[in-house]
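See below for the structure under consideration.
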Amino acid sequence: MSVTAIGAGIAALACIGAGLGIGIATAHAVDAIARQPEADGKIMKNLLLGSALAEATAIYGFVLGVLIIFMVK
């Protein structure tokens with residue numbers, strides 16, 4: 001297995017994982033807002049914070065994958 005494949009796999013898994021995490025969090029937030037509409041401000045704030053952290057994790061994974069592809073040769 002080549003280093004390029006490993007780096008590409010890490011980058012892809014990081015992006016897929018973040019996408020799934022954000023999607024699941026959004027679904028749960030919508031469900032929570034539907035159950036308690038008066039708490040939508042708190043729920044939305046936590047949703048945005050969690051989405052930002054998941055997206056940052058995806059970017060870190062992507063950068064790590066690109067570094068592995070181009071630096072380990």
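The values are calculated or read from the model by the stated rules, or taken from the named source; none is laboratory data. Since we're looking at a predicted model, the values are computed, not measured. Virtual Cβ from ideal backbone geometry, glycine too; neighbours counted across all protein chains shown.
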Exercise. Check 18, 12, 8, 29 and return the single one that is modelled with pLDDT of 90 or more and small (Gly, Ala, Ser).
Key: 29
Quiz item: With (1) without any contact (Cβ under 8 Å) to a residue 60 or more places away in the chain; (2) under 21 Å from the mean Cα position of the chain (by Cα) as the list, and residue 2 as the residue in question, which single condition is left unmet?
Solution: (2)
Quiz prompt | Test result for residue 59, among the aliphatic types (A, V, I, L, M), surrounded by 15 or more Cβ atoms within 10 Å (Cβ to Cβ), assigned to a helix (DSSP H, G or I) and out of contact with any Asp or Glu (no Cβ under 8 Å at 6 or more places or on another chain) | solution = no
Exercise. Return the residue satisfying two criteria in turn: it lies in the range 32-73 and is under 27 Å from residue 8 (Cβ atoms) and charged (D, E, K, R), and of such residues it is modelled with the lowest pLDDT.
Key: 73
Exercise. Please go through the range 17-35 and pick out each residue that is out of contact with any helix residue (DSSP H, G or I) (no Cβ under 8 Å at 6 or more places or on another chain) and more than 15 Å from residue 52 (Cα to Cα).
Key: 27, 28, 30, 31, 34, 35
